[in-house]
1. I need the peptides 5-11, 150-156 ranked by packing, meaning the mean over residues of other C-beta atoms within 10 angstrom, with the highest value on top.
2. Please report the relative contact order for the chain, taking Cα pairs under 8 Å with a sequence separation of at least 6, and give it as a percent rounded to a whole number.
3. For the chain, modelled as a GNM with alpha-carbon contacts under 10 angstrom, which of 216, 240, 74 fluctuates the most?
4. I need the peptides 133-146, 107-120, 159-172 ranked by packing, meaning the mean over residues of other C-beta atoms within 10 angstrom, with the highest value on top.
5. Alpha carbon centre of the stretch 133-203 versus the stretch 50-87: separation in Å?
6. Quick check: pseudo-label points 7 Å beyond the Cα along Cα→Cβ at residue 31 and residue 50, how many nm apart are they?
7. So which residue, out of 131, 19, 233, gets the largest mean-square fluctuation from a GNM of the chain using Cα contacts under 10 Å as springs?
C-alpha cells in the first residue's frame, strides 16, 4: 500500500517561537484525530529544524523535512545547506524542485538530478516537485512538459532509488492565481506520472510510489482530491501555517 502523506511546506514563514507553537498545536491535534497510517511531514525554514527535532522526539507519525538542499556535500558555497548537514540532525525528507525554486532561482532539471543523487546518498527521502505553468496548460502541452521534467531528473536513477522518492505534482497555474484545478485534472496528471514511472521501472515500483498533489490544497477540497485513485496526499502550502486547517486536511484521507 502506498503511504498517505500530508506534507506542510511553510516556505519563508514563521519565527522560531511561532514555529514551535504551530508544531505543538499540530502534535496535540494529531494524537487524537489522525489515523496511524497517515504520515505527517513538516517542512519549516532551516533555522527551525534542530529545535523542532527536539520537540518531535518520539513522535514517529510526524517527520521533519527541509525545503531544499545543495547539490554539493560541502565547500565554499555561502548560504547553502548540504544533505549531510540535514541528515546529521535527523531530517528525513527534503523538498526538491519546488516551482518557486525553479522560477525564482533558475533550478534546472539537470541540477535537480544532482540534488536527488546527494539526497538519496544521505538517506533523505526527496519530495520531487514537477508541474506546468499556465502558458503550458493553455496550449494543452502539460503532459509533455511534466514527462520531460521527470525523465531529465529521475530516469538516471536505479529502480531501488526511484522507489525511495515521493513525487509532488504542482499545477503552477492553480497556486495563488484564483484558478482551480478540478479533481479530474489532478487525477489525470497523477495517472500520467504513474504511467511514465511504470514504463521505465515497472508496475510494482510505480504502484508503490506516493504522488502528492500540490495545487492549493485546502480543508474544503482535500477529501475530494484524496479520493482520487492516484492522489496519495498533499504538499500543502498556505494551509499548513494554520494548525486547524492542516490537521483537517490530514483527516481527509
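1. On the way: 5-11: 24.1, 150-156: 16.9.
Averaged packing, sorted descending, gives the order 5-11, 150-156.
2. Working: 450 pairs, mean separation 57.7, N = 253.
RCO, the chain: 23 percent.
3. Among 216, 240, 74, the largest GNM mean-square fluctuation belongs to 74.
4. Numbers: 133-146: 14.7, 107-120: 18.6, 159-172: 20.6.
Put in order of decreasing packing, that is 159-172, 107-120, 133-146.
5. 26 Å
6. Computed distance between label sites residue 31 and residue 50 equals 2.7 nm.
7. Highest fluctuation among the options: 19.
Each value in this text was obtained by applying a stated rule to the coordinates, not by laboratory testing. As the structure is a prediction and not an experimental result, all values here were calculated from the model. All Cβ positions, even for glycine, are placed from backbone atoms using ideal geometry, and neighbour counts span all protein chains on display.
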